[in-house]
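**Q** This is the structure, below, for whatever I ask next.
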Amino acid sequence: MPEQENRTRQELNAALRALLRKRPLDQLRVRELTELCGLRRQSFYYHFKDVYDLFAWSLRQERALLRARLADCLTWRQALLELLDRAGEERAFYRAVLDQSGQAGLGEMAPIEEVLEAVQVYYRDRCGVPPDQAAEERERRCGRMLLLSLMENWIRGGTVMPPEELADALERAAARSAAGAVWQTLLERGEWNQTL
């Protein structure tokens, strides 16, 4: 794509995100976007057929950006913090994604499944555990639902704690759950008294 075309698209994208901080997507007009950029309406229609087409393009750009930011995450904590940091930077845009297509849209944009799979492979390899595709798929589905629900609640303002505090709380809950699972396993095996 020629540099001028890309610059025009990026300017329209920035205008879209700025206007989303004031009003929902369905109330935005092409005229407002072009005025904010200092463009003619024809320039907009050269690149996009309507505001929703611009929004769809912006979603693809955001997904690419998230992929790049999450590429090096080795833990769910790193991934969650990256996702929440980005969502915090562009909260109005992420709220528009949720308004337009719910958690499914957020899940399509944020490559959570890929991050969870990378985390599983990393820890599986480090621990020398053989792959169990069915169990790993179930864990990814559960993790995806949990992270998407947390993100939605946080983006919409239901959870007011900062990302670090939210990750800490989630980590403590996971540690308690893991300790409980170990205790239950020892009880089931009749090994609890032997460990005292």
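**Q** Test residue 97 against the stated conditions and say whether it is of a type in the set (Val, Ile, Thr), farther than 15 Å from residue 143 by Cα and assigned to a helix (DSSP H, G or I).
**A** On the way: of a type in the set (Val, Ile, Thr): yes; farther than 15 Å from residue 143 by Cα: yes; assigned to a helix (DSSP H, G or I): yes.
So residue 97 fits the description; yes.
**Q** Only one of (1) closer than 30 Å to residue 114 by Cβ; (2) out of contact with any Pro (no Cβ under 7 Å at 6 or more places or on another chain) is not met by residue 99, so which one is it?
**A** Looking at each condition in turn, residue 99 falls short on (2).
**Q** Is region 121-143 home to any residue that is in a helix (DSSP H, G or I), polar (S, T, N, Q) and at pLDDT below 85?
**A** no
**Q** Continuing with the same structure: Being without any contact (Cβ under 8 Å) to a residue 12 or more places away in the chain, closer than 12 Å to residue 96 by Cβ and open to solvent by 40 Å² or more (accessible area, probe 1.4 Å), is that true of even one residue in region 29-50?
**A** Checked region 29-50: no residue is without any contact (Cβ under 8 Å) to a residue 12 or more places away in the chain, closer than 12 Å to residue 96 by Cβ and open to solvent by 40 Å² or more (accessible area, probe 1.4 Å).
**Q** With 60, 17 as the choices, which residue is out of contact with any strand residue (DSSP E or B) (no Cβ under 8 Å at 6 or more places or on another chain), open to solvent by less than 50 Å² (accessible area, probe 1.4 Å) and either touching a residue at least 60 places away in the same chain (Cβ under 8 Å) or closer than 28 Å to residue 149 by Cβ (or both)? Please lay out each step first, then the result.
**A** Values: 60 fails: open to solvent by less than 50 Å² (accessible area, probe 1.4 Å).
Result: 17 is the single residue among 60, 17 that is out of contact with any strand residue (DSSP E or B) (no Cβ under 8 Å at 6 or more places or on another chain), open to solvent by less than 50 Å² (accessible area, probe 1.4 Å) and either touching a residue at least 60 places away in the same chain (Cβ under 8 Å) or closer than 28 Å to residue 149 by Cβ (or both).
So that you can scan it fast, the table gives a plain yes or no per residue for (1) open to solvent by 40 Å² or more (accessible area, probe 1.4 Å); (2) of a type outside the set (Val, Ile, Thr); (3) touching a residue at least 24 places away in the same chain (Cβ under 8 Å):
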site	(1), (2), (3)
104	yes, yes, no
108	yes, yes, yes
116	no, yes, yes
120	no, yes, no
126	yes, yes, no
135	no, yes, no
140	no, yes, yes
144	yes, yes, yes
147	no, yes, yes
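**Q** In region 24-40, which residues are in contact with an Asp or Glu (Cβ under 9 Å, 6 or more places away or on another chain) and assigned to a loop (DSSP other than H, G, I, E, B)?
**A** Within region 24-40, 24, 38, 39 qualify.
**Q** Shifting gears a bit: Of all residues in region 69-102 being open to solvent by 40 Å² or more (accessible area, probe 1.4 Å) and touching a residue at least 24 places away in the same chain (Cβ under 8 Å), which is farthest from residue 20 (Cα to Cα)?
**A** Residues of region 69-102 open to solvent by 40 Å² or more (accessible area, probe 1.4 Å): 69, 71-72, 74, 76-78, 82, 85, 89, 91, 95, 99-101.
With the extra rule that they be touching a residue at least 24 places away in the same chain (Cβ under 8 Å), the set shrinks to 74, 76-77, 85, 91, 95, 99-100.
Details: 74: 33, 76: 29, 77: 29, 85: 18, 91: 9, 95: 9, 99: 12, 100: 13 Å.
Only one residue tops the list, namely 74.
**Q** Testing residue 49 on (1) at pLDDT below 95; (2) among the charged types (D, E, K, R); (3) part of a loop (DSSP other than H, G, I, E, B), one condition comes back false. Which one is that?
**A** Among (1) at pLDDT below 95; (2) among the charged types (D, E, K, R); (3) part of a loop (DSSP other than H, G, I, E, B), the lone unmet condition for residue 49 is (1).
The values are calculated or read from the model by the stated rules, or taken from the named source; none is laboratory data. What you see is a predicted model, and the numbers here were worked out from it, not measured in a lab. Reconstructed Cβ throughout: ideal geometry from the backbone, glycine too, with neighbour counts over all protein chains shown. Side chains included, ligands, DNA and RNA excluded: accessible areas come from the protein's heavy atoms. Shrake-Rupley method; radii C 1.70, N 1.55, O 1.52, S 1.80 Å.
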